[in-house]
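The values are calculated or read from the model by the stated rules, or taken from the named source; none is laboratory data. Owing to the predicted nature of the structure, the values given are computational and were not obtained by experimental measurement. To get the accessible areas, we keep the full protein, side chains included, count just its heavy atoms, and leave off ligands, DNA and RNA. Shrake-Rupley method; radii C 1.70, N 1.55, O 1.52, S 1.80 Å.
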Amino acid sequence: MFSEIIKNVKKSTPLVHNITNYVTVNDCANILLACGGSPIMADDIEEVEEITSICSALVINIGTLNSRTVESMVRAGKKANELNIPVILDPVGAGASKLRRDTTFRLLDEVKFSVVRGNMSEIKTVGKSNTGGTRGVDASIADSIIEENIDEAVEYISSLSKGLSAVVAVTGAIDIVADGTKTYLIRNGHPIMGKITGTGCMLTSTIGAYCGANKNNIIDAAAAAVCAIGLSGELAYEKMKKNDNGTSSLRSYLIDFMSKVDDVMLKEGAKVEIRQ
């Protein structure tokens with residue numbers, strides 16, 4: 001299903017410009033190397049346009065937002081749009097503060113995004129329909145995506161995707177990736193992935209690499225990235241349990257397995273339902 005997506009990443013080694021948060025920046029760099037990409041981190045306004053111009057994709061992550069980097073994000077995003085470079089937004093904790101909300105809406109207004117990736121609470125903030133509150137950077141319990149509300153979630157995310165003219169990727173117990181026409185339901189992953197910081201940020205950077213190498217197939221590239229991280233998380237958990245390790249080892253194992261993901265491994269391990 002995702003054979004060409006994976007092969008294109010391995011073949012092209014896409015350079016991904018990350019304007020990301022300082023909590024997970026090292027993990028984002030390492031996951032990009034593991035998946036077959038190449039990371040560069042730059043957030044000074046004096047160089048972001050120049051850096052973006054040599055990259056295959058731009059990832060904007062507002063996890064540790066400050067007023068200095070907001071302008072850098074906007075300027076880099078506009079340069080990427082000018083050069084037809086995919087831009088990925090991770091609106092981390094978008095509903096947690098006025099600064100995050102205002103910045104999210106400004107970015108959506110001034111930059112054309114190829115993919116918006118977040119948990120359901122963050123995505124509802126993007127869609128201006130978050131009435132259930134937020135738990136910082138985590139999704140509220142009320143926004144959990146489960147089998148009982150999956151149809152409603154698919155309808156909402158697909159509709160938002162059309163409104164944004166972007167792929168929307170929502171991660172949770174069940175992951176949903178939609179572009180308004182095609183929707184992926186992905187059941188890879190393990191709940192323990194939420195016990196280490198940065199799995200969402202790592203996924204967003206991976207989406208950047210996959211989209212950068214597959215600019216004409218953004219929906220499949222985003223879905224493949226979600227599957228790859230989820231599958232790697234499952235395998236990392238099994239190894240952690242087998243070795244009687246803890247969550248620090250889980251992070252290392254996750255990166256290990258991402259470095260091993262290929263088209264055959266993903267074909268055998270992806271748990272995907274497609275709705276059109």
| Considering the chain as a Gaussian network with a 10 Å cut-off on Cα pairs, which listed residue, Ser53, Ser97, Ser232, attains the greatest mean-square fluctuation? | Ser97
| task | Among the listed pairs Lys162/Lys267; Lys242/Lys271; Lys162/Lys215; Lys79/Lys195, give every one whose C-alpha distance is greater than 26 Å. | result | Lys162/Lys267; Lys79/Lys195
| remark: Given pairs Lys78/Lys98; Lys78/Lys260; Lys98/Lys124 and cut-off 27 Å on Cα-Cα distance, the over-length ones are Lys78/Lys260
| note | A chain fully extended from Asp102 to Asp262 at 0.36 nm per residue, minus the present Cα-Cα distance, gains in nm 53.7 nm
| Radius of gyration and maximum dimension Dmax of the chain, Cα, Å | 16.9, 50
| For the chain, which whole-number percentage of the solvent-accessible area (1.4 Å probe, protein heavy atoms only) is attributable to carbon and sulfur atoms? | 47
| note | In units of 2.2 N^0.38 Å, the Cα radius of gyration of segment 141-276 is 1.04
| message | Rolling a 1.4 Å sphere over the protein heavy atoms, what is the accessible area per residue of the chain, to the nearest Å²? | response | 42
| remark: Quick tally, 1.4 Å probe accessible area for Ile88, Ile51, sorted with the most first, runs Ile51, Ile88
| field | Over the chain: helical MRE at 222 nm, DSSP H runs n ≥ 4 each giving -39500 (n - 2.57), nearest 500 | value | -15500 deg cm²/dmol
